[in-house]
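So the structure is just underneath, and the comments pick up after that.
The values are calculated or read from the model by the stated rules, or taken from the named source; none is laboratory data. Computed from a predicted model, the values in this text were never measured in an experiment. Glycine also receives a Cβ, built like all others from the backbone with ideal geometry; neighbour counts cover every protein chain displayed. All accessible areas refer to the heavy atoms of the entire protein, side chains included, with ligands and DNA or RNA removed. Shrake-Rupley method; radii C 1.70, N 1.55, O 1.52, S 1.80 Å.
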Amino acid sequence: MANTNIEPNLVADKRKRISYGSTLLVAGLIIYLLFGLNTQSGVQTTFGLNLSNSQAITVPDFVVPAQPMIYLMSAISVFAGAYQLARGVRSTGTLIGILAFTFVFAFLMWAAQDKSFNLTGMLSSSLVRATPIALAALCGVISERSAVINIGIEGIMLIAAQIAVITATVSHNLYVGLFAAILVGGLVAALHAYLVIRFKVDQTVSSVAINIFGAGATAFISSRFMQSAGDLLNNSGTFPIISIPLFAKIPVLGPVFFENNLIVYLAIILVVVMHIVMYYTPWGLRTRAVGEHPKAADTLGINVYLTRYVNVIAGGMIAGLGGAYFTIGSVGRFDEAMTAGKGFIGLAAMIFGNWNPIGAYTSSLIFGFADSLQVKLQILRVPIPSEFLLMAPYIVTMIILTGVVGRAIPPAADGQPYEK
């Protein structure tokens, strides 16, 4: 019996070792052929480490010879691949990190050869662009941890974004708009929870209905009322940048983490709070119990229905906060379909982060980086069609989902209605 259990594991480990090793070898070859041979000899790449409007202490820019560094990245990837094939590394995160670092760094040096590339600015933009994705992912985490699927996050964020800008414009108060967005997000999620918990409606169908309603209703209101009313309904302004004393002066890290607006800070705080609540409090234990085995939880006296209601509504409020980012946290006005699929990308980040708040946020940073990178590359005018650059965040989403779905393990009762 022992041998039958061990042999499949050995076969799986061997396949995994060969798969990751081969991928690293191929990546190293691509880096050499695609970037190394197409980079001019003797040119340098300058990575800017300062922002003009930042309080951070000024430091010298990072200047590197482009072609030798690309060759070094290729060598690192090839060596890691060969080592993986020969010996094997247990930590897949290390291998993915090496692959991502060598490929992205080589790509940036090729794209910015003989030019200046503001690295701090891109990192700061990545964090900001990751914020709505992270809030969507956190909404998914807290909902699905209690075994309720909510793929209507995109619709909730659209509705909340519009409500936020209208109420903030009419009241001349951004905080009123923020409160209204969070409230309407909770109300829409409460409707979803009521349908799927009380009436056992298919959770995917209910979620899709929210997305369709959100897209249609916001488009109608925008074209029928907000365009004709002009600035009377669609000119809220945005939250100002808040610099945290002392920390904002840290070179590179200061502008990235400590000079942002309120919603960016709230997203980071929510990640920490949700992680603590989920893994270090009785409520978190009950939530995970309901998501894994609701009948056993009910037997122990946990109110399964109440737990699911609270978590789904809380998730909707978080999605409402994410919706507010698009208007009062970013551009100060509402445009049709302005969420641009960030709710769905948030679900991908949730899966990639293995239904863990910190994992979901870290995954969101990857998508935010891809989104920020395509903007920077258009500025650098790299020889890649702009249509392909705009596709970058969605291509990353598909690649990650292709590699993760089937390996990530959701809560055991996810999507299953509970009969008491």
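Below, the figures for the structure above:
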item	result
Failed item, numbered, when Leu365 is tested on (1) at pLDDT below 95; (2) over 17 Å from Val256 (Cα atoms); (3) not charged (D, E, K, R)	(2)
Of the criteria (1) in a helix (DSSP H, G or I); (2) open to solvent by less than 90 Å² (accessible area, probe 1.4 Å); (3) at pLDDT 90 or above; (4) not β-branched (Val, Ile, Thr), which one Ser19 fails	(3)
Among (1) more than 24 Å from the chain's Cα centre (by Cα); (2) open to solvent by 30 Å² or more (accessible area, probe 1.4 Å) - the single one Thr169 does not satisfy	(2)
Meets criteria (open to solvent by 10 Å² or more (accessible area, probe 1.4 Å) and within 21 Å of the chain's Cα centre (by Cα)) for Ser124	yes
Elements of type helices (runs of 4 or more DSSP H) in region 186-295, at least 3 residues being open to solvent by 20 Å² or more (accessible area, probe 1.4 Å) and either modelled with pLDDT of 95 or more or touching a strand residue (DSSP E or B) at 6+ places or on another chain (Cβ under 7 Å) (or both)	203-221, 262-280, 282-292
Any pair with Cβ under 7 angstrom, 6 or more apart, that starts in region 242-262 at a residue that is closer than 12 Å to Ser54 by Cβ and ends at one that is open to solvent by less than 20 Å² (accessible area, probe 1.4 Å) and of a type in the set (Val, Ile, Thr)	Val252/Thr120; Pro255/Thr120; Val256/Thr120
Of residues in region 328-343 being farther than 18 Å from Gly230 by Cβ and part of a helix (DSSP H, G or I), the one most open to solvent (accessible area, probe 1.4 Å)	Ser330
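Every residue, every condition in (1) of a type in the set (Ser, Thr, Tyr); (2) under 23 Å from Leu34 (Cβ atoms), yes or no:
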{"position": "Gly48", "(1), (2)": "no, no"}
{"position": "Thr58", "(1), (2)": "yes, no"}
{"position": "Ile76", "(1), (2)": "no, yes"}
{"position": "Phe79", "(1), (2)": "no, yes"}
{"position": "Ser91", "(1), (2)": "yes, no"}
{"position": "Leu95", "(1), (2)": "no, yes"}
